[in-house]
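Enquirer: Right, I'll just put the structure down here and ask away after.
Computed from the coordinates by the stated procedures, all read-outs in this text should not be read as laboratory data. What you are looking at is a predicted structure, and each value in this text was computed from that prediction instead of being measured. Note that each Cβ is placed from the backbone with ideal geometry, even for glycine, and that neighbours are counted across all protein chains shown.
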Amino acid sequence: MAPTFLVVNGGDGNDELTTDFTGGDPVPLGGLTFNGDGQTGSPGDSLVVKGVFTNQLLDYTNAHDGSIFVDSNPINYTGLEPITGGNSSHTTLNLPDGVRNEASLRNHATTGFIEIFPDSGTFETTALPNPSQSLTVNLGNQGDDLTVTELDPGYAASLIINGGSGKDYTSLSDVKLTHTPGRGLEVNAAETLDVTDCIISGNTAVRGAGMLVTSGTTTIHGSTITNNIATGDGSTDGGGGIYASGEVMLIKGGSVIRSNTASGTLGSGGGILSLLNDKLVVLENICIESNFAENSGGGIESRTGQLEVKDFLIQGNVAGVKGGGVYFSTDDIMDLENGVLRLNQAGEQGGGIYHGPAPFSFIVDVTLTENIVSNSKVSVSKRGGGVYNEGGTLSIQDSILTANNVTGFLDSSDGGGAIFNRYHAPDGELGGDLYVQRCVISNNGIIPFNVGLPGRGGGILNVADNSARAGCRIYDSTIEANASLQTGGGIQNLVLNSNGMGNAEATLLIQNSVIRDNTSDENGGGIHQLGGPGQANCSIVGGAIQRNSCTFRGGGIWTSEESTLDIESGCLIEGNHCQDGGGIYKDGATGAVTISNSTIADNTGTLTGGGVVLEGGNFNLREGAVVSGNVAERGGGIYMFDGYLTFNDTLVRN
């Protein structure tokens, strides 16, 4: 009768027990125990496991005792020093509880092997053939340190590290996790993770194909994460390169996140997906390039916490819906400084950046160029080639937005070649506040596939709808050479009141800024303002509206009924051109225009009103206003269809 269990007792010398599974399972049903007993120096008593297995578990009890499970009954051991594990698809290492472990996972002298070494002497040195599927290290409960350095060149398995109940520290340096059968790296319940000079490439998983982190503070320095694919279809799936749901994520030191994909139906964050528990994500001196997300956040998607990105290149990323380069939608702060976003693309909103309802965010010293929103579908919106702001407060400072575009089958609410600013909310809530300071917005445009109502706002489109109030404030900036094939070559200020209550309000303030050389194929070459139902208000303080043009009405400015336009403090409206109202066209039976201490000069209307056309409402010229040198076939200075025209301390000379 075969034994139900087997005990092997070593002698006083260095003993070695080999359990060879090559010809079958040699372990009795009740298990095998090897007692090493005495040793006479290095290498000590040793245990060698041979064979090929699906699952292998090494459970360390203390410095010399433990168990091994290899698709069979346990092999128990006592009094050992080195262990050589078997060849397994999945290998798991359980470090001992009750002591603080310091361990090194590294290459082994034998080709095709790795080893885990107990720097603290709390478990046995163990050599392992490279697992073919995964290696899992479960840390103990006393706050362990695990250092992972360069592994065997043939290592190609997923690496999974699970922290214990203590404060664990894990570091990886010069590690390559490439073309594994699953995720490259997964770290759970670790308080601190440092990843330095690593390469994580060619991996596939439902989420976090390159790297998944679920806790603590993670720092990635000088590492490359490329060509990983997250396949999950769910709304919390994605993160082709990195899936971060810990507390703090720091990526810096020239790290590169490139050519990663979130391919699932709702997959987001092609390069990086940050959500759930993250309080802060900081990216510094980083390149995020050529990543793709089927849904949103081609380069980065951040759904919780604060996002800081500095000294960056975010380039060539694509999102099927929103945020080609960056998608940010939290109740915290986004801060982008000193970087470039270029050649990013979204299918619907925010070719460069999608910014949600955050309380206050900043874009400072950033160049946004050649970003695009493009979609051939008729039924979806296309808005914000450079930046899309949905109800948040966003300040753009000292930045350049150039050659960004919106293209596709467009409707009358689409557009914003450089910036689309919108708030859509009930009950007159405040929101959608955009501040543009010391910026250049140039050569952006709207490129429709269709005719009829092909989009608005070649430079900026500011929209309030559904009883909301949206504000756009522009200071000390230049908006030039932008183009729209409908209205608002430079800027469109628009009310879309979908609920019919008439209390939406779109506010535009332009101070000490230049709006020049913009064009539209219909009305409002420089600025187009449309209210009703609901109020559109525009105030221009100082600066200039120059050399803008359109085909029909309002070469410089077109403003509608249910709108107000106030121009003051030395503003110059000069050299604008169109068919009717070269300088300003006041449309509709209501609304008002007031010009104070400003000049309307040298504008051209090929038919009527070289300076001004008044179709209705109130038009007030006062406090040193000048209308001079304008040219038209009829009404060189002012052409009045209807309404009320008031002069006070004004010079009209044409």
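Enquirer: May I have the pair-distance distribution P(r) for region 253-295, computed from all Cα-Cα distances with 10 Å bins from 0 and rounded to whole percent?
Expert: 28, 46, 25, 1
Enquirer: For region 215-264 and region 77-95, write down the distance between their C-alpha centroids in whole Å.
Expert: 31
Enquirer: For a Förster distance of 56 Å, can you work out the FRET efficiency between the beta-carbons of S173 and V7, rounded to the nearest 0.05? Don't jump to the answer; show the numbers that get you there.
Expert: Numbers: r = 43 Å, r/R0 = 0.76.
Approximately 0.85, to the nearest 0.05.
Enquirer: Return the loop-located GluC sites (Glu not before Pro) in region 543-640 (DSSP other than H, G, I, E, B) with at most 12 other Cβ atoms within 10 Å of their own Cβ; answer none if there are none. Can you show the working numbers first?
Expert: Numbers: sites: E561, E562, E568, E574, E615, E623, E633; in loops: E561, E562, E615, E623.
Answer by residue number: there is no such site.
Enquirer: Calculate, for N55 and K279, the FRET efficiency according to 1/(1 + (r/R0)^6) with r their C-beta to C-beta distance and R0 41 Å; round to the nearest 0.05.
Expert: Working: r = 37 Å, r/R0 = 0.90.
With a Förster radius of 41 Å, E is 0.65.
Enquirer: Check the straight Cα-Cα distances from K382 and name the aspartates and glutamates below 14 Å, setting aside those fewer than 8 residues away within the same chain.
Expert: Partners found: E348, E390, D411, D414.
Enquirer: Take the residue pairs K50/K167; K310/K377; K50/K176; K252/K279; K252/K377; K279/K377 and return only those whose Cα atoms are more than 28 Å apart.
Expert: From K50/K167; K310/K377; K50/K176; K252/K279; K252/K377; K279/K377, over 28 Å: K50/K167; K310/K377; K252/K377; K279/K377.
Enquirer: For region 286-330 and region 488-564, what is the centre-to-centre distance using only Cα atoms, to the nearest Å?
Expert: Region 286-330 and region 488-564 have Cα centres separated by 31 Å.
Enquirer: Would you please give the FRET efficiency between D476 and T196, computed as 1/(1 + (r/R0)^6) with r the Cβ-Cβ distance and R0 = 56 Å, to the nearest 0.05? It would help to have the intermediate numbers written out before the result.
Expert: On the way: r = 43 Å, r/R0 = 0.76.
It comes to 0.85.
Enquirer: Any idea what diffusion coefficient region 271-349 gets from Stokes-Einstein, in µm²/s, Kirkwood Rh on alpha carbon pairs, 25 °C, 0.890 mPa s? Spell out each step's value before the answer.
Expert: Numbers: Rh = 12.0 Å.
For the chosen part, D equals 204 µm²/s.
Enquirer: Defining a contact as two alpha carbons under 8 Å apart and six or more residues distant in sequence, what relative contact order in percent does region 489-567 show?
Expert: Details: 230 pairs, mean separation 28.1, N = 79.
Relative contact order for region 489-567 comes out at 36 percent.
Enquirer: Let me check against my output: what whole-number percent is the relative contact order of the chain, with C-alpha pairs under 8 Å and at least 6 apart? Could you put the intermediate results ahead of the total?
Expert: Details: 2709 pairs, mean separation 29.0, N = 654.
After rounding, I find 4 percent.
Enquirer: Rg to Rh for region 208-325: what is it, with Cα atoms only and Rh by Kirkwood?
Expert: Values: Rg = 12.0 Å, Rh = 13.0 Å.
Result: Rg/Rh = 0.92.
Enquirer: Principal axis extents for the chain, Cα atoms only, whole Å, descending order, please.
Expert: Result, largest extent first: 117, 41, 38 Å.
Enquirer: Length gain on complete extension for the stretch R438 to V340, per 0.36 nm per residue less the alpha carbon to alpha carbon distance?
Expert: Values: separation 98, 0.36 × 98 = 35.28 nm, distance 1.69 nm.
Contour length minus Cα-Cα distance gives 33.6 nm.
Enquirer: When the gyration tensor of region 102-234 is built from Cα positions, what are the square roots of 5 times its three eigenvalues, in whole Å, from largest to smallest?
Expert: Computed over region 102-234, the values are 22, 18, 13 Å.
Enquirer: Another question, then. Work out Dmax and Rg for region 132-332 from the C-alpha atoms and quote the Rg first, both in angstrom.
Expert: Using the Cα atoms of region 132-332, the pair Rg, Dmax is 15.1, 46 Å.
Enquirer: Do any GluC sites (Glu not before Pro) in region 322-393 lie in a DSSP loop with no more than 11 other beta carbon atoms within 10 Å, and if so, which?
Expert: On the way: sites: E337, E348, E370, E390; in loops: E348, E370.
Passing sites in region 322-393 do not exist.
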